[in-house]
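The values are calculated or read from the model by the stated rules, or taken from the named source; none is laboratory data. Not measured: the values here are computed from a predicted model. Here the Cβ is made from the backbone with ideal geometry for all residues, glycine too, and neighbour counts use every protein chain on show. Please note that ligands, DNA and RNA were not included when accessible areas were found on the heavy atoms of the full protein model with its side chains. Shrake-Rupley method; radii C 1.70, N 1.55, O 1.52, S 1.80 Å.
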Amino acid sequence: MSKSLQETFEIFFKENSNNIIKYVVKHIGNIEDARDLTQETFASCFKDLDRYDSEKSSMSTWIYVSLRNRMKNYYRDKKYNVPIEEVDIPQNADVKTEIEQSIDLEQMRNDISNGLKLLPVLQRKIIIMKYFKHFSTKEISKILNITPEYVRVLLSRALKNLKKNLDKSGYV
């Protein structure tokens with residue numbers, strides 16, 4: 001592990017550990033468990049720091065993935081069934097930190113990816129071409145050898161189906 005990466009990690013820890021604890025408390029409602037989860041996450045990430053690749057993700061995203069997995073394990077192990085609406089949220093937790101934004105974005109990406117996987121192949125292709133590759137309706141119709149009108153029909157159906165899939169995951 002390089003010295004500069006270790007220093008970057010330590011700076012990140014000092015600047016963000018309290019906000020991460022607040023985030024975890026907001027979701028699990030227990031300050032002691034939140035501190036434990038945060039400490040375990042940082043200890044594990046520090047131990048595996050040589051596996052961190054800044055080309056693949058930011059440090060906050062990398063740490064978030066570890067934290068998210070630990071929170072999932074926490075819920076599973078504790079059989080935690082209290083709805084999030086009933087958790088007492090600290091008063092100063094209303095401003096989203098960079099970590100919280102990274103967590104939200106990562107969750108949104110996962111939800112959209114999972115929702116897209118459930119679509120019929122042609123609908124999934126059209127959404128990807130339209131919104132991820134930014135093709136026009138005319139370009140999509142030429143590539144798929146279908147009329148522009150049919151592309152619009154399929155796109156409309158695809159968006160409705162994607163919304164249903166996201167509703168099921170609790171995203172929308």
- Task: Any chance you could count how many residues in segment 27-45 are modelled with pLDDT of 85 or more and either within 19 Å of SER102 (Cβ to Cβ) or of a type outside the set (A, V, I, L, M, F, W, C) (or both)?
- Result: 13
- Within segment 88-96, is there a residue that is open to solvent by 50 Å² or more (accessible area, probe 1.4 Å), assigned to a loop (DSSP other than H, G, I, E, B), in contact with a Gly (Cβ under 7 Å, 6 or more places away or on another chain) and at pLDDT below 85? yes
- Output for segment 144-172, where each listed residue is of a type in the set (A, V, I, L, M) and either open to solvent by 100 Å² or more (accessible area, probe 1.4 Å) or under 22 Å from ASP104 (Cβ atoms) (or both): LEU159, LEU162, LEU166, VAL172
- Restricting attention to segment 101-140, and to residues there that are of a type in the set (Asp, Glu) and under 30 Å from SER60 (Cβ atoms), which single residue is surrounded by the fewest Cβ atoms within 10 Å (Cβ to Cβ)? ASP104
- Message: Looking at segment 1-23, I want the residues that are in a helix (DSSP H, G or I) and surrounded by 14 or more Cβ atoms within 10 Å (Cβ to Cβ) and have a partner that is of a type in the set (S, T, N, Q) and at pLDDT 85 or above with Cβ atoms under 6 Å, at least 6 apart or on another chain. Which pairs are those?
- Response: ILE20/THR38; ILE21/THR38
- Message: It is to be established whether one or more residues within segment 46-57 are within 14 Å of SER102 (Cβ to Cβ) and in a helix (DSSP H, G or I).
- Response: no
